[in-house]
Amino acid sequence: MSGVFIVGTGMTPLGKHLDKSVKALTAMAVDAALADAAVPPDAVEAAWFSNTRQGALEGQHGVRGQASLRAYGFQGIPIFNTDNACASSSSGLMQAFAGIQSGLFEIALVVGAEKMNYPEKRQEMFEAFKGSWDRELADQHLATLLAAGEGLPLPEEALVDTGERSVFMDIYAAQARAHMHRFGTTMRQIAAVAAKNHTHSVLNPYAQYRFPMTVDEVLADRLIAWPITRSMCAPMSDGAGALLLASESALSRFDRSRAVRIRGVGASSSSDRSPAEYDKHLTRVAADRCYKMAGVGPEDISVAELHDASAIAEILHSENVGFCAYGDGGALVESGATKLGGRLPINVSGGLLSKGHPIGATGAIQVFELVAQLRGEAGERQVDGARFGLAENGGGFHGVEEAACVVTLLERAH
């Protein structure tokens, strides 16, 4: 089976781009990816486009990819729309990978573009999050999660309604309480993730937030849903990312020395497991499938981008992808092993927490970071000797876990 390589990447700075449309953000990212690969637009044979908000906030319920990519100038090529909540553009990447592996295409484009900030539609901005879980079963699912944390002593502030927030922060708070109750994870360990990632983001010129934080500053920030404070939550972000993929037979058209191989990819969806069955978590299932395809294991990973939409998520997913035993994720981050310069740097981009989380683009942007690392082009945040990079991208919510997950493993080609 021939290989599939990433030969071009591009992204926009993340933040509140109130003056830019989805089409404009798309064009910025695609321009950058094509320039990085040094090929014209007509080299692209097929495209995958990911966006989750245009339907809810602009009324663009269908053909979002055709709208944005046709405006860029693409005509006649197959364009596929991939909406899989936060895992949208990683799902698009997996499909493009499969399209090239099958021999249908030699060169494919994956784009994620998102606008989440519409000041004149603030209520709709928050309501849109509820479209990424089963609305009919939402109350039942949240009650099951909260029950998993029963018995954990709660401070008075845990019972206070803190006001406007994404429903997903209530979900993450429930997951944090369950992990604290079962494994003894502490609020300081959760805060250590946020402090690390905010500090990493200072080195990333694309990041939405670029200021360091200490554990104490994270703990002192405004409470969102106990034990989650504001600094432990990813922001609403506007931005886009683009990836250009090529078959091994097409590599002669590119700079082979900068090509990064997709060594493995695995995906999964939620199941009816109980909250206590951590080893059946959909992320563990996706990671195991990815490792099997890649022929390597978690011990081989040099650098990782994990889906830290809340700080507790990095702890959970460091366990799910096999970087430590279940229950040890808090101790792992507290040890310093996952910071830049540590044994296994995680989210050196700043992660979703500080770099930003433009939902439909997040998976592509995680891969953008890993490609920079594996090329040795990450500047001040470069991980020395990086050979294998892993991206874990979860999306939505169903039952007691995310609704979808894609894990991608990349390898430095030379």
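Would you check if Thr26 is crowded, with 20+ Cβ neighbours inside 10 Å and either touching a Ser or Thr at 6+ places or on another chain (Cβ under 6 Å) or free of Cβ contacts under 8 Å to residues at least 60 places away in the same chain (or both)? Even if it seems obvious, please write down each step before you answer.
Numbers: crowded, with 20+ Cβ neighbours inside 10 Å: yes; either touching a Ser or Thr at 6+ places or on another chain (Cβ under 6 Å) or free of Cβ contacts under 8 Å to residues at least 60 places away in the same chain (or both): yes.
The answer is yes for Thr26.
For segment 167-281, give me every one of the strands (runs of 3 or more DSSP E) that falls completely inside it and has 3 or more residues that are of a type outside the set (Gly, Ala, Ser).
Those strands (runs of 3 or more DSSP E) span 239-247, 260-269.
Given the conditions (1) under 25 Å from the mean Cα position of the chain (by Cα); (2) assigned to a loop (DSSP other than H, G, I, E, B); (3) more than 24 Å from Pro358 (Cβ to Cβ), and given that Glu136 satisfies all but one, which numbered condition is not satisfied?
(1)
Evaluate segment 143-155: report whether one residue or more is surrounded by 15 or more Cβ atoms within 10 Å (Cβ to Cβ), out of contact with any Pro (no Cβ under 7 Å at 6 or more places or on another chain) and either among the basic types (Lys, Arg) or over 24 Å from Ser269 (Cα atoms) (or both).
Within segment 143-155 (the criterion being surrounded by 15 or more Cβ atoms within 10 Å (Cβ to Cβ), out of contact with any Pro (no Cβ under 7 Å at 6 or more places or on another chain) and either among the basic types (Lys, Arg) or over 24 Å from Ser269 (Cα atoms) (or both)), the answer is yes, since at least one residue qualifies.
Condition first: in contact with a Gly (Cβ under 8 Å, 6 or more places away or on another chain), within 23 Å of Cys290 (Cα to Cα) and of a type in the set (S, T, N, Q). Can you find one or more residues in segment 369-392 that meet it?
For segment 369-392, residues in contact with a Gly (Cβ under 8 Å, 6 or more places away or on another chain), within 23 Å of Cys290 (Cα to Cα) and of a type in the set (S, T, N, Q): present.
If you check Ala276 against the conditions, is it not aromatic (Phe, Trp, Tyr) and not assigned by TED's automatic domain parsing to the domain that holds Leu146? Quick ask: steps written out before the conclusion?
Working: not aromatic (Phe, Trp, Tyr): yes; not assigned by TED's automatic domain parsing to the domain that holds Leu146: no.
Considered against the rule, which asks whether it is not aromatic (Phe, Trp, Tyr) and not assigned by TED's automatic domain parsing to the domain that holds Leu146, Ala276 comes out as no.
Between residues in segment 180-204 that are outside the structural domain of Asp216 (by TED's automatic domain parsing) and under 17 Å from Cys233 (Cβ atoms) and residues that are assigned to a helix (DSSP H, G or I) and charged (D, E, K, R), which pairs lie under 9 Å by C-beta distance while being six or more apart or on different chains?
none
So in segment 117-126, with the set limited to residues that are in contact (Cβ under 8 Å) with a residue 40 or more places away in the chain and surrounded by fewer than 14 Cβ atoms within 10 Å (Cβ to Cβ), which one is nearest to Gly239 (Cα to Cα)? Show your work before the answer.
So the first thing to find is which residues in segment 117-126 are in contact (Cβ under 8 Å) with a residue 40 or more places away in the chain, and the list is 117-119, 121, 124-126.
Now drop any that are not surrounded by fewer than 14 Cβ atoms within 10 Å (Cβ to Cβ), which leaves 119, 124.
Numbers: Pro119: 16, Glu124: 19 Å.
Ranking the qualifying residues of segment 117-126, first place goes to Pro119.
So which residues in segment 95-116 are surrounded by fewer than 24 Cβ atoms within 10 Å (Cβ to Cβ) and in a helix (DSSP H, G or I)?
The initial filter retains those residues of segment 95-116 that are surrounded by fewer than 24 Cβ atoms within 10 Å (Cβ to Cβ), namely 95, 97-99, 101-107, 116.
Listed by number, the residues that qualify are Gln95, Phe97, Ala98, Gly99, Gln101.
Report the residue count in segment 1-30 for those that are charged (D, E, K, R) and more than 22 Å from Ala234 (Cβ to Cβ).
Taking segment 1-30 first, the residues charged (D, E, K, R) are 16, 19-20, 23.
This time we only want the ones that are more than 22 Å from Ala234 (Cβ to Cβ), so: 19, 23.
Looking only at that region, the number is 2.
Inspect segment 124-143 for any residue being modelled with pLDDT under 95, among the aliphatic types (A, V, I, L, M) and more than 30 Å from Gly59 (Cβ to Cβ) and give the result as yes or no. Break it down into steps so the answer makes sense when it comes.
Initially, segment 124-143 is screened for residues modelled with pLDDT under 95, giving 124-143.
Right, trim to among the aliphatic types (A, V, I, L, M) and you get 125, 128, 137-138, 142-143.
Now drop any that are not more than 30 Å from Gly59 (Cβ to Cβ), which leaves 143.
Yes, because at least one residue in segment 124-143 is modelled with pLDDT under 95, among the aliphatic types (A, V, I, L, M) and more than 30 Å from Gly59 (Cβ to Cβ).
Restrict the check to segment 272-294 and report whether at least one residue is over 15 Å from the mean Cα position of the chain (by Cα), farther than 19 Å from Phe388 by Cα and small (Gly, Ala, Ser).
Taking every residue of segment 272-294 in turn, at least one turns out to be over 15 Å from the mean Cα position of the chain (by Cα), farther than 19 Å from Phe388 by Cα and small (Gly, Ala, Ser).
Across segment 1-43, what is the number of residues that are among the small types (Gly, Ala, Ser), more than 22 Å from Leu370 (Cβ to Cβ) and in a helix (DSSP H, G or I)?
Residues of segment 1-43 among the small types (Gly, Ala, Ser): 2-3, 8, 10, 15, 21, 24, 27, 29, 32-33, 35, 37-38, 43.
Those still in the list that are more than 22 Å from Leu370 (Cβ to Cβ) too: 21, 24, 27, 43.
Cutting the leftovers down to in a helix (DSSP H, G or I) gives us 24, 27, 43.
Here the count works out to 3.
So Val296 clears everything in (1) of a type in the set (Val, Ile, Thr); (2) in contact with a strand residue (DSSP E or B) (Cβ under 8 Å, 6 or more places away or on another chain); (3) surrounded by 22 or more Cβ atoms within 10 Å (Cβ to Cβ) except one condition, right? Which one?
Against the list (1) of a type in the set (Val, Ile, Thr); (2) in contact with a strand residue (DSSP E or B) (Cβ under 8 Å, 6 or more places away or on another chain); (3) surrounded by 22 or more Cβ atoms within 10 Å (Cβ to Cβ), Val296 comes up short only on (3).
State whether the residues of segment 248-262 include one that is in contact with a strand residue (DSSP E or B) (Cβ under 7 Å, 6 or more places away or on another chain) and either more than 29 Å from Gly3 (Cα to Cα) or aromatic (Phe, Trp, Tyr) (or both).
Within segment 248-262, one or more residues are in contact with a strand residue (DSSP E or B) (Cβ under 7 Å, 6 or more places away or on another chain) and either more than 29 Å from Gly3 (Cα to Cα) or aromatic (Phe, Trp, Tyr) (or both).
If the requirement is being more than 15 Å from Pro235 (Cα to Cα) and either under 14 Å from the mean Cα position of the chain (by Cα) or among the acidic types (Asp, Glu) (or both), which of these qualifies: Ser318, Ser354?
Numbers: Ser354 fails: more than 15 Å from Pro235 (Cα to Cα).
Every option except Ser318 fails the conditions.
Of all residues being in contact with a Phe, Trp or Tyr (Cβ under 8 Å, 6 or more places away or on another chain) and modelled with pLDDT of 95 or more in segment 166-223, which is nearest to Glu369 (Cα to Cα)? Just the residue, please.
Selected residue: Ser201.
Sort out which residues of segment 265-283 are in contact (Cβ under 8 Å) with a residue 12 or more places away in the chain and within 22 Å of Ala147 (Cβ to Cβ), and write them in order of number.
Listed by number, the residues that qualify are Ser270, Ser271, Asp272, Arg273, Ser274, Pro275, Ala276, Tyr278, Asp279, His281, Leu282, Thr283.
Would you mention how many residues in segment 5-59 are of a type outside the set (Gly, Ala, Ser) and within 21 Å of the chain's Cα centre (by Cα)?
As a first pass, look at segment 5-59 and keep what is of a type outside the set (Gly, Ala, Ser): 5-7, 9, 11-14, 16-20, 22-23, 25-26, 28, 30-31, 34, 36, 39-42, 44-45, 48-49, 51-54, 57-58.
Checking the rest, the ones that are also within 21 Å of the chain's Cα centre (by Cα) come to 5-7, 9, 11-14, 16-17, 22, 25-26, 28, 30, 48-49, 51-54.
So the count comes out to 21.
The values are calculated or read from the model by the stated rules, or taken from the named source; none is laboratory data. Note that the structure is a prediction, hence the values are computed from the model and not measured. For neighbour counting, all protein chains shown are included, and Cβ atoms are generated from backbone atoms with ideal geometry for every residue, glycine included.
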